[in-house]
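Engineer: Quick one: this structure, given as structure tokens, is what I'll be asking you about.
Just so you know, all these numbers are worked out from the coordinates, no wet-lab data involved. All values reported here derive from a predicted model rather than from experimental measurement. Methodologically, a virtual Cβ is constructed for each residue, glycine included, from the backbone with ideal geometry; neighbour enumeration extends over all protein chains shown.
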Ligand code: HEC
Ligand SMILES: [Cu+2]
């Protein structure tokens, strides 16, 4: 009975793993279907390693099975001791040289790829983005463009984008499996990596370094668009008037509440306040705080109790959460305000 239960348990564990692993194929969160240069080069290295390992496995298993059958104890020869051999020079040379060759076959492409992906050739003329990792969200500053944004990084397809990465607190790791390799994001030094997306699309990214309670919720996105769309996005972002008056009255009231309770940590527009994510284009996000469904109800819940959604996040100690100034009604108005923050639609400086 016990063994039977054990088998069921093992099977269900495998089933569970299969479900989790199949999740890796969704939402462009996989290193096995590369859609960008860094991911493609890394994938080639993965394939070489797997090929070598498979070869070793097959050869070893074949010899092992052969020896097991050929030299097994036979009936009537229970006490027979076979001839003992020791120190065969030729054999020892063979099984030392073969692993060395195999390691060289893996090491050469791994090293050349690593150096290639760390190259900074053409960095000056490329789009440069400063990336800051924070518990538990990402900030992106477009050098020379006066654009500050968070959570979603917009890039044009087919272009090398150079990322200069640093952490605002602990060590994080920037990883967009289908586009790029992984890069540590440290508090003390800048790490540089370039990314390039081949196709338009939204590519999911994860923090790949355990960084605290909500590490697993530190998601972000790379939004790869055509060059024209990207240029338009840049113009829209640059033309945002952070103080533009929203159309609806509830959103107008929300704007005022936001200014009183939230602007100390959140910026709208290009000012580099960085306690919390920049919300200039919050109305165009597909997730709230990187992970929650983009729905008004979720947003209201987030405003009223961020701790329940992302334990240990730095908004949980916002003063308004303790002074009773923001109730459900107020949060609802703020949500109306935030969800209409769409640089492609709202009043722009140039239109005034
Ligand atoms: C003490 C600083 C602080 C205050 C005050 C604060 N926030 Fe935040 N906020 C943060 C931080 C930090 C995050 C990032 C949380 C995370 O994802 O780990 C955040 C995240 C958010 C997000 C998700 C952003 C995104 O890009 O998806 C929204 C929306 C938000 N806050 C709204 C508000 C509103 C509305 C108020 C005022 C009622 C407010 N915040 C007040 C620090 C603050
Ligand atoms: Cu992290």
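Engineer: Obtain the nm distance between the two label points defined at residue 91 and residue 11 by a simple spin-label model: each point lies 7 Å from its Cα along the Cα-to-C-beta direction.
Structural biologist: 4.3 nm
Engineer: Would you mind ranking 64, 203 so that the residue whose beta carbon has the fewest other beta carbons within 10 Å leads the list? Present the calculation step by step, with values, prior to reporting the outcome.
Structural biologist: Numbers: 64 10, 203 25.
Sorted ascending by nearby Cβ count, the order is 64, 203.
Engineer: To the nearest 10 degrees, how steeply does helix 249-261 sit against the main Cα axis of the chain, on a 0 to 90 scale?
Structural biologist: 70 degrees
Engineer: Another question, if that's okay. If you find the alpha carbon centre of segment 217-266 and of segment 124-163, how far apart are they in angstrom?
Structural biologist: When both Cα centres are located, 16 Å separates them.
Engineer: Follow-up question, since we're still on this one. Mind running the shape call on segment 130-205? Use the C-alpha gyration tensor, a ≥ b ≥ c as the square roots of the eigenvalues: rounded below 1.5 for a/c, prolate if a/b tops b/c, oblate otherwise. Spell out each step's value before the answer.
Structural biologist: Values: a/c = 1.68, a/b = 1.38, b/c = 1.21.
Taking the square roots of the gyration eigenvalues as a ≥ b ≥ c, segment 130-205 is prolate.
Engineer: How would segment 153-265 be classified by its alpha-carbon gyration tensor: rounded, prolate or oblate, with rounded meaning a/c under 1.5 and the a/b versus b/c comparison settling the rest? Please report the intermediate quantities before stating the final value.
Structural biologist: Working: a/c = 2.32, a/b = 1.34, b/c = 1.73.
Here segment 153-265 falls in the oblate category.
Engineer: Taking R0 as 22 Å, what's the FRET efficiency between residue 102 and residue 81 from their Cβ-Cβ distance, rounded to 0.05?
Structural biologist: On the way: r = 35 Å, r/R0 = 1.58.
E(calc), rounded to 0.05, equals 0.05.
Engineer: With a cut-off of 8 Å between alpha carbons and a minimum separation of six or more residues, what is the relative contact order of segment 249-351 in percent? Mind dumping the intermediate values first?
Structural biologist: Details: 109 pairs, mean separation 39.7, N = 103.
Dividing the mean separation by the residue count of segment 249-351 yields 39 percent.
Engineer: Still on this structure, please answer the following. Principal axes first, then extents: for the Cα atoms of segment 245-330, list largest minus smallest coordinate on each axis, whole Å, largest first.
Structural biologist: 34, 27, 26
Engineer: Quick check on segment 195-352: take the gyration tensor over C-alpha atoms, sort the square-rooted eigenvalues as a ≥ b ≥ c, and tell me if it's rounded (a/c under 1.5), prolate or oblate. Let's see the in-between values first.
Structural biologist: On the way: a/c = 1.96, a/b = 1.09, b/c = 1.80.
Because a/c hits 1.5 or more and a/b fails to exceed b/c, segment 195-352 counts as oblate.
Engineer: Does anyone have the angle between helix 2-23 and the longest principal axis of the chain? Alpha-carbon axes, 0 to 90°, nearest 10?
Structural biologist: 50 degrees
Engineer: Ok, one more. Which residue, 311, 34, 319, tops the fluctuation ranking in a GNM of the chain built on C-alpha contacts under 10 Å?
Structural biologist: 319
Engineer: Separate question: Starting at 0 and stepping by 10 Å, how many percent of the alpha carbon pairs of the chain end up in each bin?
Structural biologist: 5, 19, 25, 19, 12, 8, 6, 3, 2, 0, 0
Engineer: A follow-up question, please. How would 176, 185, 300, 93 line up from fewest to most surrounding beta-carbon atoms within 10 angstrom? Can you show the working numbers first?
Structural biologist: On the way: 176 26, 185 29, 300 19, 93 10.
Starting with the residue having the fewest Cβ neighbours, the order is 93, 300, 176, 185.
Engineer: Run lengths n ≥ 4 of DSSP H only: what is the helix-derived mean residue ellipticity at 222 nm for the chain, with -39500 (n - 2.57) per run over all residues, to the nearest 500?
Structural biologist: Numbers: 9 runs with 140 residues, N = 352.
One gets -13000 deg cm²/dmol as the mean residue ellipticity at 222 nm.
Engineer: Modelled label-to-label distance, residue 57 and residue 345, 7 Å Cα→beta-carbon offset: nm?
Structural biologist: 5.1 nm
Engineer: A follow-up question, please. Pairs of alpha-carbon atoms within less than 8 angstrom and 6+ residues apart define the contacts here; what relative contact order does segment 82-214 have, in percent?
Structural biologist: Numbers: 204 pairs, mean separation 28.0, N = 133.
In percent, rounded to a whole number, it is 21.
Engineer: Given an 8 Å cut-off on Cα distances and at least 6 residues of separation, report the relative contact order of segment 210-283 as a percent.
Structural biologist: Values: 39 pairs, mean separation 16.3, N = 74.
It rounds to 22 percent for segment 210-283.
Engineer: A further question follows. Once the Cα atoms of helix 328-339 and of the chain are each reduced to a long axis, what angle between those two axes, in degrees from 0 to 90 to the nearest 10, is obtained?
Structural biologist: The two axes meet at around 80 degrees.
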